[in-house]
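Contents: one structure, followed by commentary.
Read-outs: derived from the displayed coordinates by stated rules, not from any lab. What you are looking at is a predicted structure, and each value in this text was computed from that prediction instead of being measured. Cβ atoms come from the backbone with ideal geometry, glycine included; neighbour counts cover every protein chain shown.
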Amino acid sequence: MAMTKLDGLRQWAHRAGDSPRAWAGPPPSPRLALATGFLSAVADRFGLWGDPGSGKVAWGDYDRYLAYVHELAPYLPGGFVDIAGRLATAAEAILGITLLLGVAVRLSAWAGAGVLLTFALSMFFFSHPEAPLNASVFSATGLALLLALAPTDTCAFALDRKLGLEHP
């Protein structure tokens, strides 16, 4: 049986991920995508993208964000919801900065996946199943997991790599 062009392409695509060169370029892209996503969400909570209700602003201020956290976390006792909102904001700011700079990339990616998965599941169960899909939160979670599982020596443009701090 003759091999078709589609079969050849399928075999090439399957082998491509096995090559160390395949990981040489992509890791900065997931890092930047996750970092900017985290930092953009934090900026929105503090009104840096505009006033509430203007344009594509999700929250526009911190009080609106906390009201949304209350919707998504009915499983937490009242006082803990505000604390969870503050912790999530702090975590997203820290993760955005560490991923942007390439510091503790693997740890930051794992932590980012945990934050995103928690957010996605809360949106799915307590808002509407379509909400995390429209916001691509499950996709971002998958991206964080991909980055967490990427070979550690492939984090180009990362301080970890430049300082020799990456660990297998």
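Take peptides 133-140, 35-42, 71-78 and line them up by average Cβ neighbours within 10 Å, highest first, as a rough protection proxy. It would help to have the intermediate numbers written out before the result.
On the way: 133-140: 16.0, 35-42: 19.6, 71-78: 13.1.
Taking the mean over residues of other Cβ atoms within 10 Å, the ranking is 35-42, 133-140, 71-78.
Using only the alpha carbons of the range 39-101, determine the length spanned along each of the three principal axes and report them from longest to shortest in whole angstroms.
Dimensions of the range 39-101 along the principal axes of its Cα atoms: 33, 30, 13 Å.
Given a Förster radius of 35 Å and the C-beta distance between residue 103 and residue 5 as r, what FRET efficiency does 1/(1 + (r/R0)^6) yield to the nearest 0.05? Walk me through the numbers on the way to the answer.
Values: r = 44 Å, r/R0 = 1.26.
Plugging the Cβ-Cβ distance into 1/(1 + (r/R0)^6) gives 0.20.
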